[in-house]
Amino acid sequence: MHGRKDNLPASILASIRSRKKRLDAAHTEARPRRAGTLIASYNVHKCVGTDRRFDPERTSRVIHEIGADVIALQEADTRFGERTGILDLGRLERETGLIPVPVAGMAKAHGWHGNVVLFKKGLVHDVHQVKLPGLEPRGALVAEIELEKGGVLRIIAAHFGLLRHNRAQQARTLVELINNRHEMPTILLGDLNEWRLGDRSSLNTFQSAFGPLPPAVPSFPAGLPLLALDRIIANRKGIISEVEAHDTPLARIASDHLPIKALIDLEPVPG
């Protein structure tokens, strides 16, 4: 039997080295953004930062920093009761142009089980709210968005549970959903809560629908990211650029997760 190559000390060392490179690069002026549609995922931790302060304004500033065209948020509503939204979506729209994908039957909540998809320009053709199996209340929001820059993209925004066997069930639920719908460019993104890599990962279930998973990018905890809990996964090769963490001084304190982001390109790759 082969030994595991993804042991935690090695992962920690790799994460520290990678983060040092990012921080060194951050001392220079911000590079101009490359062309393309920027997609991102961010667990906002109910707007409670690593300093334990509840600060929705700070969370909104991080979202503004990212500058995404499409962004999936997790924990954007209170968890229990009426699940009241905790961000000022009107102000976000005025300042960033981001508007929420509409969800049904949630009068006070921003999204579905805390999942919110915001986008800048385009048309929403279809929205489905999926209740995920497990002991905790978890869900996924599925939206098909016609992008202003061209092409229709299916977004699956999800927040998986803390128990491994529940995550495996939740992954199977989404694979079945994908297999039962017409084929189109699809991106799964969100806090999938899986820190294990290799054969032990509950996310291996996705390989039947998405193929080999992209390299994991540490995003948690925000102050010194070691675990790749947040993911962006595409069902077609070449759709997404390399996934990276949005690692800034503000992002390191605004939530216990760093946002992750990638550029997408729906143009076919020459064969």
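The values are calculated or read from the model by the stated rules, or taken from the named source; none is laboratory data. Please read these numbers as outputs of a predicted model, since none were measured by experiment. Positions of Cβ are backbone-derived with ideal geometry, glycine not excepted, and every protein chain shown enters the neighbour counts. Note: areas computed on protein heavy atoms with side chains; ligands, DNA, RNA excluded. Shrake-Rupley method; radii C 1.70, N 1.55, O 1.52, S 1.80 Å.
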**Item:** Residue count for region 214-271, restricted to those that are at pLDDT 95 or above, acidic (D, E) and assigned to a loop (DSSP other than H, G, I, E, B)
**Value:** 2
**Request:** Please go through region 54-80 and pick out each residue that is outside any helix (DSSP H, G or I), open to solvent by less than 10 Å² (accessible area, probe 1.4 Å) and either within 24 Å of V243 (Cα to Cα) or of a type in the set (F, W, Y) (or both).
**Result:** A68, V70, I71, A72, L73, Q74, A76
**Request:** Starting from region 220-248, take each residue that is farther than 19 Å from L203 by Cα and in contact (Cβ under 8 Å) with a residue 40 or more places away in the chain and list its partners that are open to solvent by less than 10 Å² (accessible area, probe 1.4 Å) and charged (D, E, K, R), counting only C-beta distances under 9 angstrom and pairs at least six apart or across chains.
**Result:** A245/D230
**Prompt:** Is one or more of the residues making up region 176-185 in contact (Cβ under 8 Å) with a residue 24 or more places away in the chain and closer than 24 Å to E65 by Cα?
**Reply:** no
**Message:** Checking the condition buried (at least 17 other Cβ atoms within 10 Å of the Cβ) and either in a loop (DSSP other than H, G, I, E, B) or at pLDDT 95 or above (or both), which residue from L141, L162, L92, L135 passes?
**Reply:** L141
**Request:** Look through region 203-213, keep the residues that are part of a loop (DSSP other than H, G, I, E, B) and open to solvent by 40 Å² or more (accessible area, probe 1.4 Å), and return whichever of them is farthest from E242 (Cα to Cα).
**Result:** P212
**Asked** Taking I178, is it open to solvent by less than 40 Å² (accessible area, probe 1.4 Å) and in a strand (DSSP E or B)?
**Response** no
**Asked** Counting just the residues of region 183-202 that are within 27 Å of A254 (Cβ to Cβ) and in a loop (DSSP other than H, G, I, E, B), which one comes out modelled with the lowest pLDDT?
**Response** L197
**Item:** Residue within region 25-45 that is modelled with pLDDT of 80 or more and open to solvent by 50 Å² or more (accessible area, probe 1.4 Å) present
**Value:** yes
